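What follows is one structure encoded as structure tokens, with my remarks underneath.
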Amino acid sequence: MNLVESTNVNNTASFKQALINPNALEGGLYSPLTLPFFEGEKYADLSYKDFALKLIESFGFGEEELFKKALKSYDNFYDKNSPIALQKIGEKTYLNELWHGPTRAFKDMALQPFGVLLKEFSKDKNILIICATSGDTGPATLKSFENMKNIKVVCMYPKYGTSRVQELQMRALDKGNLKVFAIDEDFDAAQNTLKQMLASKEFQEEIKTLNYELCAANSVNFGRILFQIIYHYYASLKLYKEFQEEVEIIIPSGNFGNALGAFYAKNMGAKISKIKIASNANNILSEFFNQGVYDLRGKILKKTISPAMDILISSNIERLLFAKFKDLRTKELMNLLKNQKYFKLEKEELQSLQEDFEADFCEDEECMQFIKQSKILIDPHTATCFKMLNKQKPTLITSTAEWTKFTPSMVKALYGRDCKDEKEDLKFIAKEFNAEVKEEILTLFDFTSKEEKVFKANMIKEEILTWMRK
Ligand SMILES: *Cc1c(COP(=O)(O)O)cnc(C)c1O
């Protein structure tokens, strides 16, 4: 099966092409034209990795040996047998913990196997990956390509936009084929700089003269989405078997990649009744699913305690529009958004979305209440889900990061005070809750970086070239 462009289905690409170069001809996003039906129940007793392989095979992309190799990257997770952990927290409520990978956020679920695929697909080439991160994508991307010979990674992050642990995770990986830049502006500026570089012919030429090709491993890459279907399908199957009832899934959302995976899983036959989208104070998605409008006019990004969801332009919504309303309508709506910063769906269109989705948002104050009330430690992103929990129904709460990445917010929520010494507070909370903290997180605090230079976004291009020439 080939993938097609969301705004013009006549433009197609193989899975491999879309993974290496996700920029489609007319600026749309490569997506499946139709989703295959996958008889998951037949494979319910397989291990996660074997189940994953069956699900991927149902797409008919070929390359089975490669996918097998890619899925082996889940051996780097803390439980070799399963990258995810289902944790029962109520009679019918489970956490679907997706953060047991090397960087303690769900981004590892896709970026670990993605790294293997890209390496295999680009054996005869040198590749430069540039990414912009608001916190979790950076460490996960760097980790995935650590020590690879033919692939270099540059990662930009907003100096004051990530948590300290996230920053340290990146700083500690700033060596060899990996390069990290702190930028003295916000995430949007970092993302814009990235987009400009990817679009610049001149920059691409310069990279080419150094014998490298430019690639984006950003979250709209279908090669990442694929791996985000599997855990929703697999976990919902486990709950379905226990309760003999369709399952609700609640997902803390930003760029809508995680939730899109759940939507694809549902369409492929997973026993999912509703997908509930949780936002923070940047509630553009709950407005979208409740009112059918996508309205960027006059909106300013708010900084919250769930920074990975501080986002207004939720890129993967485009793939949802395509799946629901086809390419021409998608093109029309995306053009309206680009030119007028606004679009409104027809009544029937909104109804169609609401057959699959519900949405709500959670301000920081409420979110901290949920952290405080919880018997186990939940991070500020996962906490946004609890507002929509219906305890009567079998439910999966998608848990996207480990709390250890956000100690200052945890301290504030749990004890109502400011964090003084992050490492001490981290150990204190762990002791109170009898929770384990991985060595990899604790040792980060002993790390002192050589230099903590902060760059202007418009200097990055030259800095990258200088580093490449070394
Ligand atoms: C990236 C991220 C999200 C948002 O996921 P999307 O796929 O962008 O919607 C939520 N929580 C955490 C911890 C994240 O890192």
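Which whole number in µm²/s is D for the stretch 398-466 by Stokes-Einstein, with the Kirkwood Rh taken over Cα pairs at 37 °C and 0.692 mPa s? Roughly 223 µm²/s, to the nearest whole number. For the stretch 221-302, the spherically averaged projection of the C-alpha convex hull amounts to 6.3 nm². Remark on the stretch 25-104: hydrodynamic radius 15.0 angstrom, per the Kirkwood mean of 1/r across alpha carbon pairs.
Normalised size of the chain, defined as Cα radius of gyration per 2.2 N^0.38 Å with N residues, equals 0.93. With all protein chains in place and a 1.4 Å probe, the accessible surface of the chain carries 47 percent carbon and sulfur. Here the contact order of the chain, divided by its residue count and restricted to Cα pairs under 8 Å and six or more residues apart, works out to 18 percent. Rounded to the nearest 5, what % of the DSSP beta bridges within the chain are antiparallel ones? If we restrict to bridges inside the chain, about 30 percent are antiparallel.
A quarter of the convex hull surface defined by the alpha-carbon atoms of the stretch 187-339 gives 11.6 nm² as the mean projection.
Summing Lys and Arg as +1 and Asp and Glu as -1 over all other residues whose Cβ lies under 12 Å from the Cβ of residue 218 gives a net charge of +3. Taken over the stretch 315-394, the convex hull of the Cα atoms encloses 141 Å³ per residue. Mean residue ellipticity, 222 nm, helices only, the chain: the sum of -39500 (n - 2.57) across DSSP H runs of n ≥ 4, divided by residue count and rounded to 500, is -12500 deg cm²/dmol. Along its first, second and third principal axes, ordered by size, the stretch 347-463 spans 57, 47, 25 Å in Cα coordinates.
On the principal axes of its alpha-carbon atoms, the stretch 82-201 has extents of 56, 36, 26 Å, going from largest to smallest.
When all protein chains stay in place and ligands, DNA and RNA are ignored, the 1.4 Å accessible-area order of 412, 299, largest first, is 412, 299.
Taking the Cα centre of the stretch 173-276 as origin and assigning +1 to Lys and Arg Cβ atoms and -1 to Asp and Glu Cβ atoms, the resulting dipole is close to 540 debye.
Of the cross-linked pairs 375/453; 152/420; 72/159; 107/241, those separated by over 30 Å at the C-alpha level are 375/453; 152/420; 72/159. Surface exposure of the chain, expressed per residue as accessible area with a 1.4 Å probe, stands at 42 Å².
Kirkwood hydrodynamic radius of the stretch 255-369, from the reciprocal of the average inverse Cα-Cα distance over all distinct pairs: 14.8 Å. Report residue 304's accessible area, 1.4 Å probe, all protein chains in place, as a number in Å² to the nearest 10. Roughly 20 Å² of residue 304 is accessible to a 1.4 Å probe.
The values are calculated or read from the model by the stated rules, or taken from the named source; none is laboratory data. Treat the numbers as computed from the prediction; the structure is a model and nothing was measured. Counting neighbours? That spans all protein chains shown, and the Cβs are built from the backbone with ideal geometry, glycine included. Keep in mind that these areas ignore ligands, DNA and RNA; they rest on the heavy atoms of the full protein, side chains included. Shrake-Rupley method; radii C 1.70, N 1.55, O 1.52, S 1.80 Å.
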